[in-house]
Amino acid sequence: MLLDEAMSAGWAGAVSLDPALEREFEQRLSDSSTLAFRVALGVLRRREDAEDVAQEAFLRAHRSFASIRDRERFRAWLVRTAFRLALDRMRGERRRTRREDRVALETPAHADSAEDDAARLELRGRVAAAVSELPEKLRIVTVLAAIEEHDLASVARLLDLPEGTVKSRLHRARKLLAERLRWLVSDTGTR
Amino acid sequence: MACERYRDALTELAAGAEASADASAHLASCEACRAELASVRQALAAVDDELAQLRVAEPSPDLAARIRSAVAESSSAAPAWRLGWGMALAAASVVVAVAFVASRGPRPQPPASVADRAPAREAPLATPAPERFVSETAGSQPVASERHASSPSSRVRARGPEVLVPAGEAEALGRLAASLRRRSVTPDSLLVADLAAPLAELEVREIRPLEIAPLDPARDSGAE
């Protein structure tokens, strides 16, 4: 929906930002909603939950938009907020119930999930569990590196960290994952 | 045992670090470690495959519209939300203020003599009650006993009028009251010469009740 359409639909008239800020917010929404969704998906692994988190992150962004309107600043803020909201949601859900069937990242309908055999599903579940058990600082770097196609400079901008710090954390994350998964492949993949 | 030494090096290697010359030499000669390195790399490849799905994951086409709708709803609800919190805060402030004043203000006390609240140097002293208080105190509060009105029992009973006297004058006033009661001192003997002179004639004035004129609607409407 373009801004003009939104205004004609009454959306822009109901918000409290001035028109210039509203246009900027619309631009941020257009170019960053997928980023927020993917960050949340990297934590929650369920599309529905990830979309809820992305929506909540943008709601909060709208309230604070005057102070985060700069694009880079906005995206960094959005990533952190979506990640934090996703973690909070996951913890709350874990408290409510342990969902053993949520072992692998939900994939789009066109994915080849039919080809997954039990061993592969188990492998994916263990991989997902290993990622989710990473310390938060390492986890967000791992998720963002995947989203940004291992462009560490981009990850560094999003996290407002030196690139060397990102690289170091990513290496630590992979080392931890390697330690936790080192027997996994021989146990599952080679059966 | 030798392989155990290279365990950490294998993990580092799998995670992307470069192998030391020592570790490379061991790998070249140890098939088991090469196999383990391969399996760890395979596990990390599985991680990469799993996470790579994030790169292509797309939200529902209506996500942006849902967010717009939620933002609009939130924005239109914000004033009422803020008003509600504002009123709650105002009410809480009033409660706190009242509690603060109540905690610092005079506390309710049992019926106590005024003398109890007087400075220590100001001794309470009962004087003969004026006429309008006679009915309250007559027969129950001898003047002499009221000098001890600070005792617990008398504090409860002491409801008659009492006076506070300036510091240093309580004893003198007490002696005067006692002398008057013994009639060893008469009021006339206390009058000085000037006060014995006739008083000036008092001017009698008539005090009329205040008249309140009723409102005149016709006049009020005409003035407008």
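The values are calculated or read from the model by the stated rules, or taken from the named source; none is laboratory data. Every value quoted in this text rests on a predicted model; they were computed, and no experiment measured them. A quick note on method: Cβ atoms are made from the backbone with ideal geometry, for glycine too, and the neighbour counts reach across all protein chains shown.
Residue A:16: at the interface with chain B (Cβ under 8 Å from one of its Cβ atoms), closer than 25 Å to residue A:72 by Cα and modelled with pLDDT under 85, yes or no? Walk me through how you get there before you give the answer.
Working: at the interface with chain B (Cβ under 8 Å from one of its Cβ atoms): yes; closer than 25 Å to residue A:72 by Cα: yes; modelled with pLDDT under 85: yes.
Here the answer is yes, as residue A:16 does meet what is asked.
In the condition set (1) in a helix (DSSP H, G or I); (2) surrounded by fewer than 18 Cβ atoms within 10 Å (Cβ to Cβ); (3) touching a helix residue (DSSP H, G or I) at 6+ places or on another chain (Cβ under 8 Å), residue A:51 is compliant with all but (2).
From B:10, B:54, B:37, grab the single residue that is within 30 Å of residue A:34 (Cα to Cα), without any contact (Cβ under 8 Å) to a residue 60 or more places away in the chain and among the aliphatic types (A, V, I, L, M). Break it down stepwise before answering.
Working: B:10 fails: within 30 Å of residue A:34 (Cα to Cα); B:37 fails: within 30 Å of residue A:34 (Cα to Cα).
Result of the check over B:10, B:54, B:37: B:54.
Counted as qualifying within the stretch A:79-184 are no helices (runs of 4 or more DSSP H), as none has 1 or more residues that are closer than 30 Å to residue B:67 by Cα, within 14 Å of another protein chain (Cβ to nearest Cβ) and at pLDDT below 80.
Taken over the stretch A:63-78, the criterion of being in a loop (DSSP other than H, G, I, E, B) and loosely packed, with under 13 Cβ neighbours inside 10 Å is satisfied by A:64, A:70. When the stretch B:177-221 is filtered for residues that are within 49 Å of the chain's Cα centre (by Cα) and modelled with pLDDT of 75 or more, the ones remaining, listed by number, are B:177, B:209, B:210, B:211, B:212, B:213, B:214, B:215.
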